[in-house]
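Each reported figure results from applying straightforward, stated rules to the coordinates on display, with no laboratory input. It should be emphasised that the depicted structure is a prediction, and the values quoted were computed from it without experimental measurement. Quick reminder, even Gly has a Cβ in these numbers, built from the backbone with ideal geometry, and neighbours come from all protein chains shown.
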Amino acid sequence: MNCPETNNPPTQYASDRNLRARLRLWEAQEPRFDLYRWVLGLADIGAGDAVIDIGCGNGAYLPQVTALGGLPVGVDLSAGMLRAVTHRPVVAASAEHLPFRGATFDIALAPHMLYHVDDRPRAIDELRRVLRPDGVLVAVTNGAQHMAALRDLVETAARRADRDWVMSRMSTEAFSLENGSDQLATAFDEIRLVLPPNPVTVRIVDPEVVADYVASVADFYESGISQPWTEIVTEVRDRVAAIVAERGFFEVTGVTGAFVCRS
């Protein structure tokens with residue numbers, strides 16, 4: 001397997017630019033699926049609930065938590081990401097060393113972030129520590145077949161120079177729908193996997209959207225291939241353009257779910 005050298009390349013989250021490029025790919029969903037609303041529904045936030053959003057990124061969840069009556073605190077390792085957050089308060093910290101006293105929060109959100117953490121057992125222990133005894137953790141991640149159609153295009157392009165190259169992805173291997181429960185069970189007694197009611201599918205008509213997505217992950221993979229990552233991006237863009245010309249769209253399906261955890 002061709003695993004990324006690090007879970008957090010310093011260039012990846014220096015700002016929210018790469019994150020925004022990846023989020024744009026999901027704008028053409030059919031039917032529309034509001035991931036944020038779904039996750040917050042699982043958390044069942046009530047008025048006055050203290051909520052910690054671990055790996056808050058550019059803060060998409062924070063204003064929605066406030067709208068539900070919750071009292072959110074955003075936490076992210078990247079100061080560059082936090083500069084894009086307009087909602088306060090936010091704290092620059094790692095999930096392995098949360099700067100809060102125990103039993104501080106009613107709800108912890110860990111949306112699409114635990115696979116980035118180097119020491120997940122410690123991070124999961126920290127999440128349990130900062131939750132109150134009746135608190136709940138909602139940890140969101142992906143399954144093994146997440147974005148398989150796009151991954152196939154990237155691998156086909158890369159294998160022209162590196163025959164056995166595999167686009168190994170932290171979000172479908174390090175902490176996934178298939179193995180996340182066992183990891184969470186070290187700190188939580190009750191773990192429930194919840195899947196969206198329908199597959200999350202996008203039909204993309206602009207090849208640049210896909211090209212920007214692939215370009216956004218360059219620093220995870222370019223050191224492990226023989227050709228410049230820009231050539232991978234170009235080939236994927238051209239292939240998507242051909243598919244769109246033939247079918248009218250390029251379809252990508254996301255496989256996402258959430259673990260709802262209590263002690």
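Couple of notes before you dig in:
- Dipole magnitude (debye, nearest 20) for the range 132-263, charges at Cβ of Lys, Arg, Asp, Glu: 240
- Residue separation of ASP206 and ASP34 scaled by 0.36 nm, minus their Cα-Cα distance, works out to 59.8 nm of gained length.
- Over the chain: helical MRE at 222 nm, DSSP H runs n ≥ 4 each giving -39500 (n - 2.57), nearest 500: -9500 deg cm²/dmol
- A Förster radius of 35 Å, combined with the Cβ-Cβ distance separating ALA93 from ASP134, puts the computed FRET efficiency at roughly 0.90.
- Selection from PRO111, ALA211, SER176, by position along the positive dipole direction of the chain (Cβ): PRO111
- Two-decimal Rg to Rh for the range 151-212 - Kirkwood Rh, Cα set: 1.11
- Cβ charges +1 (Lys, Arg) and -1 (Asp, Glu), total dipole of the range 107-204, debye: 340
- Ranked list, fewest to most other Cβ atoms within 10 Å of each Cβ, for TRP38, TRP229: TRP38, TRP229
- Whole-Hz ³J(HN,Hα) from phi, Karplus 6.51 cos²θ - 1.76 cosθ + 1.60, for the range 62-79, glycine and proline x: 4, x, 6, 4, 4, 4, 8, x, x, 10, x, 10, x, 10, 8, 6, 8, 5
- Dipole magnitude of the chain about its Cα centre (Cβ charges: Lys, Arg +1; Asp, Glu -1), debye to nearest 20: 420
- Here the Debye sum runs over all C-alpha atoms of the range 99-140 as equal scatterers in vacuum, and log10 of I(q)/I(0) at q = 0.18, 0.27, 0.34 Å⁻¹ comes out as -0.47, -0.97, -1.20.
- Radius of gyration over Kirkwood radius for the range 1-149, both on Cα atoms: the Rg/Rh ratio is 0.95.
- In Å, descending, principal axis extents of the Cα set of the chain: 53, 36, 34
- Stretchable slack from THR156 to GLU173, in nm (0.36 nm times residue separation minus alpha-carbon distance): 4.1 nm
- Scaled radius of gyration (Cα, divided by 2.2 N^0.38 Å) that the range 158-263 gives: 1.37
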